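> Following this message is one structure expressed as structure tokens.
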Protein chains: 4
Amino acid sequence: MNPVVAPELQTTAWLNVAEPLTLEWLRGRVVMLVAFQMLCPGCVARGIPQAQRVASTFRDRPLSIIGLHTVFEHHEAMQLPSLRAFLHEYGVDFPVAVDAPGDGEPIPRTMKAYAMRGTPTTVLIDADGRVRSHVFGIHDDLRLGARLQTLLLEVGSAKGTTGPGPRLEGAGEEGGCAVGAASMCH
Amino acid sequence: MNPVVAPELQTTAWLNVAEPLTLEWLRGRVVMLVAFQMLCPGCVARGIPQAQRVASTFRDRPLSIIGLHTVFEHHEAMQLPSLRAFLHEYGVDFPVAVDAPGDGEPIPRTMKAYAMRGTPTTVLIDADGRVRSHVFGIHDDLRLGARLQTLLLEVGSAKGTTGPGPRLEGAGEEGGCAVGAASMCH
Amino acid sequence: MNPVVAPELQTTAWLNVAEPLTLEWLRGRVVMLVAFQMLCPGCVARGIPQAQRVASTFRDRPLSIIGLHTVFEHHEAMQLPSLRAFLHEYGVDFPVAVDAPGDGEPIPRTMKAYAMRGTPTTVLIDADGRVRSHVFGIHDDLRLGARLQTLLLEVGSAKGTTGPGPRLEGAGEEGGCAVGAASMCH
Amino acid sequence: MNPVVAPELQTTAWLNVAEPLTLEWLRGRVVMLVAFQMLCPGCVARGIPQAQRVASTFRDRPLSIIGLHTVFEHHEAMQLPSLRAFLHEYGVDFPVAVDAPGDGEPIPRTMKAYAMRGTPTTVLIDADGRVRSHVFGIHDDLRLGARLQTLLLEVGSAKGTTGPGPRLEGAGEEGGCAVGAASMCH
């Protein structure tokens, strides 16, 4: 099965960015599109934090995280001032687009074009603008990390390099037992 | 910096496997070596569960998870019968080796050969037997997934294929809001 | 120090209840007043879930949980339609009052009368209408359970009974090891 | 139903205490008896940490936490040196008794006398030495806090006092939104 070209975003507003973005403009970079609603518990508890972890972990790589506010229920409850305050309080600083309202139906336009089943939905788009992964619900981090790496390595290859490769430095954390420490485990 | 060849394992016993394993024998597969102690809280709470998640997530890929019981403290408390019961109770079913005791020092031999600083330590070895990542403490899952994928894609390439690639099927979970459901969020 | 009488609630709307409630009317019952904002991350992640656990754990006891929406920032973002949708999506079914706007200041009236420092804030009021505990941030469950029990036992005593007493039935959960089971731990 | 007198502990060793303890000797204090096995995952992940939280939260109250190592499986894997190292690594500093081996059966003596079904099991004993609660698995903290408080208030009453009562000082934590802070939520 060949990947399909990712439909262009249809939006009415953008937050956290000076100018509206387009997938066309982002060609050459991997895009992680995160559809959410600010009052969707699974988005707040898991989807948004995961997107923030991805932004932090891959911050030096050719990857753009784009939030897409796809309201398909409680429209009056999730207007722009509420969304703006939500992003501020939750510390979301990647660009977020507001999906354009549907034409006589509650499902907004970009959500419909991607045939999303609900929120959160995560779509991975490669540097050539093709949809390579589409997950409703929550990816586990291991699988998401692997999928992103595949697309990021392709960017490296396209540039004629050998790809960024894994870094050797550690990412150690609390909870380990160190050799020779007085109190060995911490 | 060129990756170094992973030192061969020096062991006194193996559990969860019929025959002792060697890195030599595992050449052609990616190896994730997880050094732990059964009484190290960080290993029990985070290192072992992460290794089990990796085993499950990448179970169809050319990846071998090898546990290495590197006891460098409380030796009398973590003998073979205790380790065997530990693996049973925690449902660890990947192969586990017991690191060979050090020669007149508390640090066991494989641990010393790898210059490990403590437990848990995770070492990623590529299909050519070279150390590509060495982390004391806990990797986060996103980064570990990305690093594993890099090594796994190399195996695919070496075989002249295009690599396994990301799968398109979803991995949805609880917590999302679905379009059109009576009770939309669950 | 003698406990002070809890100031009466000053509200503009009530949700999840047919008629407005007053502390006066709730005299004879213990009241747990939970001040929150729907866009306060600590309230959403910890304060609201704790109030729901309390409602469930003490559901047969003379205890009323009252939510108080004390908006002191981003007022335009947290209007009634947004609050209503929030309560629906998060499954909050205890009565929730909207704190009355301040007179020329952002702090609403009830919040000011209680000298609350922010959200979440939990106030415990005894059956005689006196403030017995006031915590900004999150109580831990052990301490909150103990404080509630003190007030609930007083209700029992005031009625001339010996108090409800602890129940002997268990509340077992997953993760234990049972005697005689084939696979002992689960 | 009248509470039964708690059977005396039958033990072969004590750790974290200079002299063996008896329930007889602890009369006048509330006792929380926590039966566990060092290789029981539910005990390690939840039972032991809960006992440590109780010890910390109620440290100024007439309450004694007693661990009871009730090994009924993998006996050879959980001998005294292993238990001692386990307590050290997990930072358990309340007194722990080793339950006396059963007479020709795997169930140890105290475990049998209390008719425990497995581990973890938590037994609450009042200041008069009577069993007031017996839970296999994990108590939730709210309920456990309430049950402990009931027994602790009885100690206060028996002494002719009005009981310790809830403290008014807060126990605030991270995650709240404070009035007037530049960055309001943290």
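> With respect to residue D:45, determine if the residue is assigned to a helix (DSSP H, G or I) and facing chain C (nearest Cβ under 10 Å). It would help to see each step written out before you state the result.
Working: assigned to a helix (DSSP H, G or I): yes; facing chain C (nearest Cβ under 10 Å): yes.
When the stated conditions are applied, residue D:45 passes them.
> Hey, another quick one. Being farther than 19 Å from residue B:180 by Cα, open to solvent by 10 Å² or more (accessible area, probe 1.4 Å) and not basic (Lys, Arg) is the filter here, so list the residues in the stretch A:61-79 that pass it.
A:62, A:63, A:64, A:65, A:79
> Now, a different point. Does residue B:44 satisfy the condition of being within 30 Å of residue D:83 (Cβ to Cβ), in contact with a Gly (Cβ under 7 Å, 6 or more places away or on another chain), β-branched (Val, Ile, Thr) and touching a residue at least 24 places away in the same chain (Cβ under 8 Å)? Explain how you work it out, then say what you get.
Numbers: within 30 Å of residue D:83 (Cβ to Cβ): yes; in contact with a Gly (Cβ under 7 Å, 6 or more places away or on another chain): no; β-branched (Val, Ile, Thr): yes; touching a residue at least 24 places away in the same chain (Cβ under 8 Å): yes.
So residue B:44 does not fit the description; no.
> In the stretch D:86-102, how many residues are more than 14 Å from residue D:55 (Cα to Cα) and either out of contact with any strand residue (DSSP E or B) (no Cβ under 8 Å at 6 or more places or on another chain) or of a type in the set (Phe, Trp, Tyr) (or both)?
Restricting attention to the stretch D:86-102, the residues satisfying the condition of being more than 14 Å from residue D:55 (Cα to Cα) are D:86-90, D:97-102.
Next, only the ones that are either out of contact with any strand residue (DSSP E or B) (no Cβ under 8 Å at 6 or more places or on another chain) or of a type in the set (Phe, Trp, Tyr) (or both) stay: D:86, D:88, D:90, D:102.
Matching residues across the stretch D:86-102 total 4.
> Could you check how many residues of the stretch D:100-154 are facing chain C (nearest Cβ under 10 Å), closer than 13 Å to residue D:30 by Cβ, part of a strand (DSSP E or B) and open to solvent by 30 Å² or more (accessible area, probe 1.4 Å)?
So the answer is 1.
> Right, next: Would it be correct to say that residue A:30 is closer than 20 Å to residue A:154 by Cα, within 14 Å of chain B (Cβ to nearest Cβ) and crowded, with 21+ Cβ neighbours inside 10 Å?
So residue A:30 passes the test.
> Looking only at the stretch C:7-27, which residues are open to solvent by 80 Å² or more (accessible area, probe 1.4 Å) and touching a Pro at 6+ places or on another chain (Cβ under 8 Å)?
Of everything in the stretch C:7-27, just one residue is open to solvent by 80 Å² or more (accessible area, probe 1.4 Å) and touching a Pro at 6+ places or on another chain (Cβ under 8 Å), namely C:12.
> Sticking with this one: Go through (1) at the interface with chain B (Cβ under 7 Å from one of its Cβ atoms); (2) touching a residue at least 40 places away in the same chain (Cβ under 8 Å) and name the single condition residue A:94 misses.
If we test residue A:94 against (1) at the interface with chain B (Cβ under 7 Å from one of its Cβ atoms); (2) touching a residue at least 40 places away in the same chain (Cβ under 8 Å), just (1) comes out false.
> Can you name the residue in the stretch B:155-186 that is more than 8 Å from every other protein chain (Cβ to nearest Cβ) and open to solvent by less than 20 Å² (accessible area, probe 1.4 Å) and, of all such residues, is modelled with the highest pLDDT?
Result: B:155.
> Moving on to the next point. Residue by residue through the stretch A:50-60, note down the ones that are open to solvent by 20 Å² or more (accessible area, probe 1.4 Å) and among the small types (Gly, Ala, Ser).
A:55, A:56
> Would you mind telling me which numbered condition in (1) under 23 Å from residue B:138 (Cα atoms); (2) open to solvent by 60 Å² or more (accessible area, probe 1.4 Å); (3) not β-branched (Val, Ile, Thr) residue B:47 fails?
The failed condition is (2).
> Quick check, is residue A:55 without any contact (Cβ under 8 Å) to a residue 24 or more places away in the chain and either under 12 Å from the mean Cα position of the chain (by Cα) or more than 13 Å from chain B (Cβ to nearest Cβ) (or both)? Let's see the steps before the verdict.
Working: without any contact (Cβ under 8 Å) to a residue 24 or more places away in the chain: no; either under 12 Å from the mean Cα position of the chain (by Cα) or more than 13 Å from chain B (Cβ to nearest Cβ) (or both): yes.
So residue A:55 fails the test.
> Still on this structure, please answer the following. Determine which single condition residue A:82 fails, assuming it passes every other condition in (1) closer than 16 Å to residue C:82 by Cβ; (2) within 13 Å of chain B (Cβ to nearest Cβ); (3) buried (at least 22 other Cβ atoms within 10 Å of the Cβ).
The one condition residue A:82 does not meet is (2).
> Further question: Please verify whether residue B:57 is touching a Phe, Trp or Tyr at 6+ places or on another chain (Cβ under 9 Å) and within 22 Å of residue A:143 (Cα to Cα), treating the condition exactly as stated.
no
The values are calculated or read from the model by the stated rules, or taken from the named source; none is laboratory data. These numbers were taken from a predicted model, which means no experiment stands behind them. All Cβ positions, glycine included, derive from the backbone under ideal geometry; neighbour counts span all protein chains shown. Remember, those area values only see protein heavy atoms, side chains included, never the ligands or the DNA or RNA. Shrake-Rupley method; radii C 1.70, N 1.55, O 1.52, S 1.80 Å.
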